[in-house]
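Presented below is the structure to which this report refers.
The values are calculated or read from the model by the stated rules, or taken from the named source; none is laboratory data. The structure displayed is predicted, hence computed values, not measured ones. So basically every Cβ, Gly included, is an ideal-geometry build from the backbone, and we count neighbours across all protein chains shown. Please note that ligands, DNA and RNA were not included when accessible areas were found on the heavy atoms of the full protein model with its side chains. Shrake-Rupley method; radii C 1.70, N 1.55, O 1.52, S 1.80 Å.
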Amino acid sequence: MPRRFRPLSTRVVWIGALAMLLGAVVALVARALTALIGLVTNLAFYGRWSFEFSSPADNQLGLWVIAVPVIGGLIVGLMARFGSRAIRGHGIPEAMEQVLLNESRIPPRITWLKPVSSAIAIGTGGPFGAEGPIIATGGALGSLVGQLLHVTAEERKTLLAAGAAAGMAAVFNAPMSAVLLALELLLFERRARSLIPVAFAAAVGTGVRFALEGSGAMFAMPALAAPDMPALLAYLVLGLIIGALSVGITRMVYAIEDGFEKLPIHWMWWPALGAVVTGIVGYVLPSTLGVGYTNISAVLGGQLTLGAMLALCLLKLVSWSISLGSGTSGGTLAPLFTIGGALGGVFGTLAVTYLPWLHVDPRMAALVCMAAIFAGASRAFLTSVVFAFETTQEPHGLLPLLAGCAAAYLISGLLMRNTIMTEKIARRGVRVPSDYAADYLDRILVRDACSREVVTLPAEQTLDATRAWLEVGGVQAQHQGFPVVDAQGALRGVVTRRDLLDRQIAGERTVGELVKRPALAVREDHSLREAADHMVEANVGRLIVLSADGGHRMVGFITRGDLLAAHARRLRETHTTSQVIGRRSAPAR
């Protein structure tokens, strides 16, 4: 087996250059989608032609405001029915499914259907964020590039993740959390060959945003004091509470979706039905309409009263969960941040009133809960922490964010099998990896797992003599494969027990005549992963092991069974508990 290990190949330079170009294009697409949402919002709520990003909350439509989301829901339902059903939902689960099952090949029509349908849904008052559709659109563009060019499936996955990361970075001015989102939800690995292009795309996407909109924080906050120990413990407890609530919210969303599945009407009409609730809630509390980024800024800035935050939290939850369950097109990040932030502001305000000795800041509590609810619902832990830090640029928030998000992650992992991102595709039978660990086989060398007692057969020996030896059934005759050597001791190849016992082959033939190909070998300092790959590529179940000095001296034999047996140590390390320090040694026997 040739030496193949290299930390990186020159292909990464090519894929990285493509990712940088993709990042610039996706950032411009993000800008265009934001302008399109603004246009739809202005036309639907104010009757004016303007691309300015506006909030529907200031409309003067009265009861007619209920009809606007319904019209948007009808249009989205028609687009899903006659365009592609894949535009329904927030896009990330669908991208994950394509990565896991379809070699990251997203249908090209999604690159325009998803942003247009989302712009209509959000622009007509849908309680979603623009980031989900932009992430989905960026991923679709990356997949399209990967389908137009000669790349591997792994490289296509990297381009998909790079497009998604560039989209998120361009929307929120958060390049690091965009890279982490790609790692935690799309790549299912952390390798240099994928990390570098994704980082390039996010950096370029953020640079384009800097040029177009400046480098200020997405959700600017006033300077906060560093928390003391009582406050830090309070934020940790808040994380535990929010983690449990995120589990409940996730289950509620899918319960609502199940309820829509039972309706005796075609799914095309579901977005319009969900939009009725959106319109009614929007009439009661107009600030629940649209993306609501201004709501997040108001909560984090401490500009809302206790009652206003409580109403925003509850009504946004009702509006968003029913709309998302109906299958319309929109994102989940901004609604979850709004719900979590408002709830954190409520808890923080109550703590200031009734538990002043905790020294809790309501604005810090809002920040922690905003990130913790996403950490619990999606289990994108690092993304949640870094995102809240990057979008507010609040340095003293990092430690409370770490504690609160870790607590929410813990509770979510204990109470919920799947997440808000994976439940939908898990119901379709898709197995989504949740933990990424270093390849165990890559840590063990062949010399530590191979059999050293190699039983060879002479090439000139007849099959009759060999079969007689096998039938005696000695210990050495129990193997399933045997290396074959010639009279000079040189290795000719390997024969299997099945071939030796095949009675259709005449007994006067020699063992050497059964050798079908040259011997396949690895060296004893190869890893078991390299050996396993060699077996798969050659379609064999055993390999000769040669010495590590570069010669052709045979020192062992390794089989697929040896590879499986190597996992015994991994299982023992995972499941067997033991006390190392303080344990008395057993008496020698």
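Pairing residues of region 540-552 that are within 14 Å of residue 496 (Cβ to Cβ) with residues that are assigned to a loop (DSSP other than H, G, I, E, B) and of a type outside the set (A, V, I, L, M, F, W, C), at Cβ distances under 8 Å and at least 6 apart in sequence or on separate chains, gives 541/480; 542/480. Of the residues making up region 498-548, those that are in contact with a strand residue (DSSP E or B) (Cβ under 7 Å, 6 or more places away or on another chain) and closer than 22 Å to residue 473 by Cβ are 507, 511, 514, 541, 542. Of the residues making up region 421-446, those that are over 22 Å from residue 190 (Cα atoms), touching a Lys or Arg at 6+ places or on another chain (Cβ under 9 Å) and touching a residue at least 60 places away in the same chain (Cβ under 8 Å) are 423, 446.
Can you spot a residue in region 424-438 that is of a type outside the set (Ser, Thr, Tyr), out of contact with any strand residue (DSSP E or B) (no Cβ under 9 Å at 6 or more places or on another chain) and surrounded by 18 or more Cβ atoms within 10 Å (Cβ to Cβ)?
As a first pass, look at region 424-438 and keep what is of a type outside the set (Ser, Thr, Tyr): 424-433, 435, 437-438.
Now narrow it down to the ones that are out of contact with any strand residue (DSSP E or B) (no Cβ under 9 Å at 6 or more places or on another chain): 425-433, 435, 437-438.
The next check asks that each one be surrounded by 18 or more Cβ atoms within 10 Å (Cβ to Cβ); those that pass are 425, 432.
Yes, because at least one residue in region 424-438 is of a type outside the set (Ser, Thr, Tyr), out of contact with any strand residue (DSSP E or B) (no Cβ under 9 Å at 6 or more places or on another chain) and surrounded by 18 or more Cβ atoms within 10 Å (Cβ to Cβ).
Among the residues of region 177-198, the one identified as under 18 Å from residue 104 (Cβ atoms) and among the hydroxyl-bearing types (Ser, Thr, Tyr) is 194.
Remark: pairs (first residue in region 321-343, modelled with pLDDT of 90 or more; second residue of a type in the set (Lys, Arg); Cβ separation under 7 Å; 6+ apart in sequence or on different chains) = 335/316; 338/316; 339/316. Inspection of region 537-552 finds no residue satisfying the criterion of being hydrophobic (A, V, I, L, M, F, W, C), out of contact with any His (no Cβ under 8 Å at 6 or more places or on another chain), open to solvent by 90 Å² or more (accessible area, probe 1.4 Å) and at pLDDT 85 or above.
The one condition from (1) part of a helix (DSSP H, G or I); (2) surrounded by fewer than 18 Cβ atoms within 10 Å (Cβ to Cβ); (3) out of contact with any Asp or Glu (no Cβ under 9 Å at 6 or more places or on another chain); (4) of a type outside the set (D, E, K, R) that residue 35 does not meet is (3).
Yes or no, residue by residue, for (1) touching a Leu at 6+ places or on another chain (Cβ under 8 Å); (2) of a type in the set (Gly, Ala, Ser); (3) in a helix (DSSP H, G or I):
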| residue | (1), (2), (3) |
| --- | --- |
| 290 | no, yes, no |
| 324 | no, no, yes |
| 364 | yes, no, yes |
| 375 | no, yes, yes |
| 383 | yes, no, yes |
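Among residues of region 1-29 that are closer than 17 Å to residue 197 by Cα, those with a Cβ under 8 angstrom from a residue that is at pLDDT 80 or above and among the basic types (Lys, Arg), sequence gap 6+ or separate chain, pair up as 8/193; 9/193; 11/193; 12/193; 15/193; 27/209.
Checked against the criterion of being open to solvent by 30 Å² or more (accessible area, probe 1.4 Å) and either more than 27 Å from residue 421 (Cβ to Cβ) or of a type in the set (A, V, I, L, M, F, W, C) (or both), region 88-99 contains not a single residue that satisfies it. In region 79-92, the condition of being part of a helix (DSSP H, G or I), modelled with pLDDT under 90 and under 30 Å from residue 212 (Cα atoms) is met by at least one residue.
One line per residue, one yes/no per condition, for (1) modelled with pLDDT of 90 or more; (2) part of a helix (DSSP H, G or I); (3) open to solvent by 10 Å² or more (accessible area, probe 1.4 Å):
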{"residue": "181", "(1), (2), (3)": "yes, yes, no"}
{"residue": "190", "(1), (2), (3)": "no, no, yes"}
{"residue": "194", "(1), (2), (3)": "yes, yes, no"}
{"residue": "205", "(1), (2), (3)": "yes, yes, no"}
{"residue": "210", "(1), (2), (3)": "yes, yes, yes"}
{"residue": "220", "(1), (2), (3)": "no, no, yes"}
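Among the residues examined, residue 263 qualifies as under 22 Å from residue 428 (Cα atoms) and outside any helix (DSSP H, G or I). Just one of the listed residues (510, 559) is polar (S, T, N, Q), touching a residue at least 60 places away in the same chain (Cβ under 8 Å) and under 28 Å from residue 462 (Cβ atoms), and it is 559. Screening residue 71 on (1) open to solvent by 40 Å² or more (accessible area, probe 1.4 Å); (2) at pLDDT below 90; (3) assigned to a helix (DSSP H, G or I) shows it passes everything except condition (2).
Residue count for region 275-295 under the criterion of being buried (at least 24 other Cβ atoms within 10 Å of the Cβ) and under 28 Å from the mean Cα position of the chain (by Cα): the result is 4.
The set of residues in region 447-481 that are closer than 18 Å to residue 512 by Cβ, open to solvent by less than 30 Å² (accessible area, probe 1.4 Å) and either touching a residue at least 60 places away in the same chain (Cβ under 8 Å) or not polar (S, T, N, Q) (or both) comprises 455, 457, 459, 463, 467, 470, 481. Can you pull out every residue in region 470-500 that is in contact with a helix residue (DSSP H, G or I) (Cβ under 6 Å, 6 or more places away or on another chain) and not in a strand (DSSP E or B)? Selection gives 470, 477, 480, 499, 500.
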